[in-house]
Amino acid sequence: MYDAPHYTRQETGVTDVKIKAQDVQVYYGDNHAIKDVTVDIQDKTVTAFIGPSGCGKSTFLRCLNRMNDTIDICRVEGDIRIDGDDIYDKRVDPVQLRAKVGMVFQKPNPFPKSIYDNIAYGPRIHGMARNKAEMDDIVERALRRGAIWDEVKDRLQAPGTGLSGGQQQRLCIARAVATEPEVLLMDEPCSALDPIATAQVEELIDELRQNYAVVIVTHSMQQAARVSQKTAFFHLGNLVEYDDTSKIFTNPEDSRTESYITGRIG
Amino acid sequence: MPLLWLFLIVLAIAAGAYVLARVRVLAMAGENRRALHSLPVYYGSNAAMKSGVPALLVLAVWLVAQPLVIDTIASGHIPDSAIAETTSRGLVMAEVRRTADGIDMAIASGELSETAARDPQADIEDLSARLSDAGAILTSEITPPVFRAAQELRALSAVGTQAMTIIVVLIALFGALWALRETKPDFRARNVVEQGVRGLLIAAASIAILTTLGIVLSLVFNTVEFFRLYPASEFFFGTNWAPSFSGRGGASDLGIVPLLWGTFYISLVALIVAVPIGLFAAIYLSEYASPKVRAVAKPLLEVLAGIPTIVYGLFALLTVGPLLMRVFGDEGLGWMQAGTAVMTAGLVMGIMLIPFVSSLSDDIINAVPQALRDGSYGLGATQSETIRQVVLPAALPGIVGAILLAASRAIGETMIVVLGAGAAARLSLNPFDAMTTVTAKIVSQLTGDSDFASPEALVAFALGMTLFVITLGLNVFALYIVRKYREQYE
């Protein structure tokens, strides 16, 4: 097919494939939102999804932890495997899956609870702590990994909604990390943040790469270039090009990719 | 001149001013509409407004004030000696008004001539006969002072009405002239008209507020009057409610405590029924139900809210009461003496409140941002965990507000209590006993032919005031909580 994605095996770094998606189709009612997307997402790598609004990048991201299940009219076809296991298999409980594939959303959405309870929410549900001390430990570790511990350690009982936008988003990242996922999905995590908070979150994303496969949807090409190692360009529901970030931004193979990153379409 | 005519004349003057102002401003601008500050229609409206509104306002005030002033003057014609022991000045004045009305009727039917009616030397016996021939209703014999006062009343109202007509028409004309004088192309008619519209909106808002104020004031004055006749401490702390009705004599015990207890107890039972059912229904409808089910179930649930409370009362009396009697009555457990009980009224009132709680809670639960649910699902929580641990806590202040509003509905409810809970004021813990509430007792104290000046009747106002303060407090508290909740997401 004309717009079949281009594959290049990664030349540098880890090569384990964490998520393997094949011929994924997504329909919203009669609307064919994602067409024939085939992509391998690497472990311990930041993968960026870029593309103009409505191109399907967020929709595809939400397929990876079956968040689309919560939308009635949404239908997903094709094969998505994490570590070789089909996540759309009937035996897979989407709830369990989501504990394994964490998600951070566009707008910071802390629960109207204390900072501590925000972090402890996931671990409590999954019974990860046997007592208060273990839970304290988990909370502290998550907040440290979210690079927000120093800012909130003195007010863990204060409401999470009282933090600034950037702090809230890092709190949400810490909350996602607390359940010890293997994959972290981020849907435009910086679009509601100012440049300073964005820089902090980007730095954090780079650190998270040590432990997780991170998939980030972004509208900012600079951000994709800064934080990711692999980049996928989506256009009108198709995956146009998927390659090393450096290659996509310097020498894209597809003319549409080039038009987009130079600002001619979008 | 009949009032209707006066009203029409003022309207005609206003309409004339409208047309004249429009024509005038267009003529001044030489038909060049661009030279005008406002559209011609605004110049017309300005003139109509300035001639019509003040005239009609004066007319309205005059209509209210004239009878009061004339009554006071006419009342001066009745010496204290003419008022019998058994009656009061107010009753005599009512007689005077009836006589005046009777004379009007007699003149209208031709029984009496205008000059005869004005004759101060008129033969009163002959006059009474003529009045009753004309069909006037006179309760007692007309006495000379009453007759003279009635004559005075008629004369004064004739003068007053004439003066009113002249003044109102003059005001309308003067307003029209004034508006026409200021009608020039650079006059900012649009702004003035919009100020007028704003005044209208303010007036509408003030009427609502002033009415509330009026209700409160009438309650306060009567309550103060009651406390002058009956000690406040016995009213608020008395544990016995036993009013003696006029004619039977004897002192009354008017303690509010048994009534408040009944109100509280019945409302409590109602809330225990309504809150869980309403809340669970709301959770099902907003979180689990498919759009199809929701589209059918929600309106059906809200039909409950449209049933008149008297119908609920009948349901309590005819269905729920006998049903409870079968289980808890003498044939069953033996806790219940009669079908009317706290339980009967409370259950039915609870059913009445279900749509109230569920509909408000449903709105509040729907207002919880989807982002919070997504956040919870994204962490691997199930739907039920998400509802229990994220959605409900987030919606809790709003739900508490809804419950408090339902509680103030329950406290103010009357018909279900009258029919379902009985009429006995009693301090008891047994929910199968008959009890009564503040509202039901207000009804029973004011119906029937009790003397409105007696403490037994005035106590109704004190009860109403107490209830008003309680429900007002609950509503203010509920609104405070709901508002605090809103701030979290905006």
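Just give me the residues in region A:153-174 being within 13 Å of chain B (Cβ to nearest Cβ) and open to solvent by 10 Å² or more (accessible area, probe 1.4 Å), in sequence order. Walk me through it before giving the result.
Of the residues in region A:153-174, the ones within 13 Å of chain B (Cβ to nearest Cβ) are A:159-162, A:168-169, A:171-174.
Across region A:153-174, the qualifying residues are A:159, A:161, A:162, A:168.
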**Request:** Please verify whether region A:151-166 includes one or more residues that are modelled with pLDDT under 90, under 20 Å from the mean Cα position of the chain (by Cα) and under 21 Å from residue A:212 (Cα atoms).
**Result:** no
**Request:** For region B:448-455, indicate whether the set of residues that are within 17 Å of residue B:267 (Cα to Cα) and touching a helix residue (DSSP H, G or I) at 6+ places or on another chain (Cβ under 9 Å) is non-empty.
**Result:** no
**Message:** Need the failing condition index for residue B:436 against (1) within 30 Å of residue B:224 (Cα to Cα); (2) among the β-branched types (Val, Ile, Thr); (3) assigned to a helix (DSSP H, G or I), just the number.
**Reply:** (3)
**Request:** Identify all residues within region A:123-134 that are within 13 Å of another protein chain (Cβ to nearest Cβ), in a helix (DSSP H, G or I) and open to solvent by 40 Å² or more (accessible area, probe 1.4 Å); write none if there are none.
**Result:** A:124
**Message:** Given the options A:102, A:84, name the one that is closer than 28 Å to residue A:193 by Cα and small (Gly, Ala, Ser).
**Reply:** A:102
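Go through A:137, A:79, A:89, A:150 for me and flag whichever is over 19 Å from residue B:380 (Cα atoms), away from chain B (no Cβ under 14 Å) and not in a helix (DSSP H, G or I). I'd like the intermediate steps shown before the answer.
Details: A:137 fails: not in a helix (DSSP H, G or I); A:89 fails: over 19 Å from residue B:380 (Cα atoms); A:150 fails: not in a helix (DSSP H, G or I).
Among A:137, A:79, A:89, A:150, only A:79 is over 19 Å from residue B:380 (Cα atoms), away from chain B (no Cβ under 14 Å) and not in a helix (DSSP H, G or I).
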**Request:** Would you kindly identify the helices (runs of 4 or more DSSP H) lying entirely within region B:201-311 that contain at least 3 residues that are free of Cβ contacts under 8 Å to residues at least 12 places away in the same chain and either within 14 Å of chain A (Cβ to nearest Cβ) or farther than 18 Å from residue B:363 by Cα (or both)?
**Result:** B:291-306
**Item:** Which listed residue is of a type in the set (S, T, N, Q), assigned by TED's automatic domain parsing to the domain that holds residue B:356 and over 28 Å from the mean Cα position of the chain (by Cα), from B:267, B:233, B:252
**Value:** B:252
**Asked** Does region B:17-28 hold any residues that are buried (at least 17 other Cβ atoms within 10 Å of the Cβ) and out of contact with any Pro (no Cβ under 9 Å at 6 or more places or on another chain), and which are they?
**Response** B:17, B:18, B:20, B:24
**Asked** residue A:156 fails exactly one of the following numbered conditions: (1) in a helix (DSSP H, G or I); (2) in contact with a helix residue (DSSP H, G or I) (Cβ under 8 Å, 6 or more places away or on another chain). What is the number of that condition?
**Response** (1)
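Which residue, of A:46, A:24, A:92, A:37, is free of Cβ contacts under 8 Å to residues at least 60 places away in the same chain, open to solvent by less than 10 Å² (accessible area, probe 1.4 Å) and more than 22 Å from residue B:371 (Cβ to Cβ)?
Working: A:46 fails: free of Cβ contacts under 8 Å to residues at least 60 places away in the same chain; A:92 fails: open to solvent by less than 10 Å² (accessible area, probe 1.4 Å); A:37 fails: free of Cβ contacts under 8 Å to residues at least 60 places away in the same chain.
Testing whether each residue is free of Cβ contacts under 8 Å to residues at least 60 places away in the same chain, open to solvent by less than 10 Å² (accessible area, probe 1.4 Å) and more than 22 Å from residue B:371 (Cβ to Cβ) leaves just A:24.
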**Asked** Within region A:63-76, which residues are within 13 Å of another protein chain (Cβ to nearest Cβ), open to solvent by 40 Å² or more (accessible area, probe 1.4 Å) and out of contact with any Gly (no Cβ under 7 Å at 6 or more places or on another chain)?
**Response** A:69, A:70, A:71, A:72
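Taking residue A:61 as the residue in question, decide whether it is in contact with a Phe, Trp or Tyr (Cβ under 7 Å, 6 or more places away or on another chain) and more than 30 Å from residue A:34 (Cβ to Cβ).
Details: in contact with a Phe, Trp or Tyr (Cβ under 7 Å, 6 or more places away or on another chain): yes; more than 30 Å from residue A:34 (Cβ to Cβ): no.
The answer is no for residue A:61.
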**Item:** Test for residue A:182: is it of a type in the set (Asp, Glu) and either within 14 Å of another protein chain (Cβ to nearest Cβ) or over 14 Å from residue A:147 (Cβ atoms) (or both)
**Value:** yes
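Let's see how each residue does on (1) modelled with pLDDT of 90 or more; (2) touching a Lys or Arg at 6+ places or on another chain (Cβ under 8 Å); (3) surrounded by 23 or more Cβ atoms within 10 Å (Cβ to Cβ):
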| site | (1), (2), (3) |
| --- | --- |
| B:255 | no, no, no |
| B:264 | yes, no, no |
| B:273 | yes, no, no |
| B:279 | yes, no, no |
| B:302 | no, no, no |
| B:321 | no, no, yes |
| B:341 | no, no, yes |
| B:347 | yes, no, yes |
**Prompt:** out of contact with any Cys (no Cβ under 6 Å at 6 or more places or on another chain), under 30 Å from residue B:242 (Cα atoms) and either open to solvent by less than 30 Å² (accessible area, probe 1.4 Å) or more than 11 Å from chain A (Cβ to nearest Cβ) (or both), is that true of residue B:395?
**Reply:** no
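Quick check on my filter: what residues within region B:366-388 are in a helix (DSSP H, G or I) and at the interface with chain A (Cβ under 7 Å from one of its Cβ atoms)?
The first filter runs over region B:366-388 and keeps only residues in a helix (DSSP H, G or I), leaving B:366-367, B:370-378, B:383-388.
Across region B:366-388, the qualifying residues are B:371, B:372, B:374, B:375, B:377, B:378, B:385.
Answer yes or no: is there a residue in region A:109-122 that is within 22 Å of residue A:42 (Cα to Cα), within 14 Å of chain B (Cβ to nearest Cβ), among the hydroxyl-bearing types (Ser, Thr, Tyr) and open to solvent by less than 40 Å² (accessible area, probe 1.4 Å).
no
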**Prompt:** Looking only at residues in region A:95-106 that are within 8 Å of another protein chain (Cβ to nearest Cβ) and more than 15 Å from residue A:171 (Cβ to Cβ), which one is surrounded by the most Cβ atoms within 10 Å (Cβ to Cβ)?
**Reply:** A:98
**Asked** Out of (1) β-branched (Val, Ile, Thr); (2) at pLDDT 90 or above; (3) closer than 14 Å to residue B:99 by Cβ, the odd one out for residue B:209 is which?
**Response** (3)
**Message:** Need pairs with beta-carbon distance below 7 Å; first residue within 23 Å of residue B:75 (Cα to Cα) and modelled with pLDDT of 70 or more and within region B:97-120, second open to solvent by 60 Å² or more (accessible area, probe 1.4 Å) and outside any helix (DSSP H, G or I); sequence gap 6+ or separate chains.
**Reply:** B:98/B:137
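The values are calculated or read from the model by the stated rules, or taken from the named source; none is laboratory data. Just so it is clear, the model here is predicted, and its values are computed rather than measured. Backbone-built Cβ (ideal geometry, glycine too); neighbour counts: all protein chains shown. Heads up: the accessible areas ignore ligands, DNA and RNA and are worked out on the full protein's heavy atoms, side chains in. Shrake-Rupley method; radii C 1.70, N 1.55, O 1.52, S 1.80 Å.
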